[in-house]
Amino acid sequence: MMDLNQTKLVILMMELDLKAKEYNMLCEKFEQVEKQNIDPNDERLLWFKELFQKNHDEIVEIKKQLKELKNE
């Protein structure tokens, strides 16, 4: 049986894995948009930037929580 810290660790690792998959999906979508030769100032690219930034921020937060959990 897992204790509370082990359970939190498993949950955080699963969240991190999902965020990594989300990142890969964003990269694939971005490649599709990039092939369309869109103007670099197009709002669709700004939307991608926001999605990438949100994903990055969430990954940083998960890693922070993992680090804190490992230090306990």
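The values are calculated or read from the model by the stated rules, or taken from the named source; none is laboratory data. The structure presented is a predicted model; accordingly, all values stated were derived computationally and were not measured. Cβ coordinates were reconstructed from backbone atoms using ideal geometry, including for glycine residues, and neighbour counts include every protein chain displayed. Surface areas here come from the heavy atoms of the whole protein model, side chains and all, with no ligands, DNA or RNA. Shrake-Rupley method; radii C 1.70, N 1.55, O 1.52, S 1.80 Å.
See the values below:
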| read-out | value |
| --- | --- |
| Members of region 5-28 that are free of Cβ contacts under 8 Å to residues at least 12 places away in the same chain and open to solvent by less than 70 Å² (accessible area, probe 1.4 Å) | THR7, VAL10, CYS27 |
| Only listed residue being exposed (fewer than 10 other Cβ atoms within 10 Å of the Cβ) and part of a helix (DSSP H, G or I), chosen from GLU31, GLU58, GLU68 | GLU31 |
| Flag if GLN53 is at pLDDT 95 or above, assigned to a helix (DSSP H, G or I) and more than 14 Å from the chain's Cα centre (by Cα) | no |
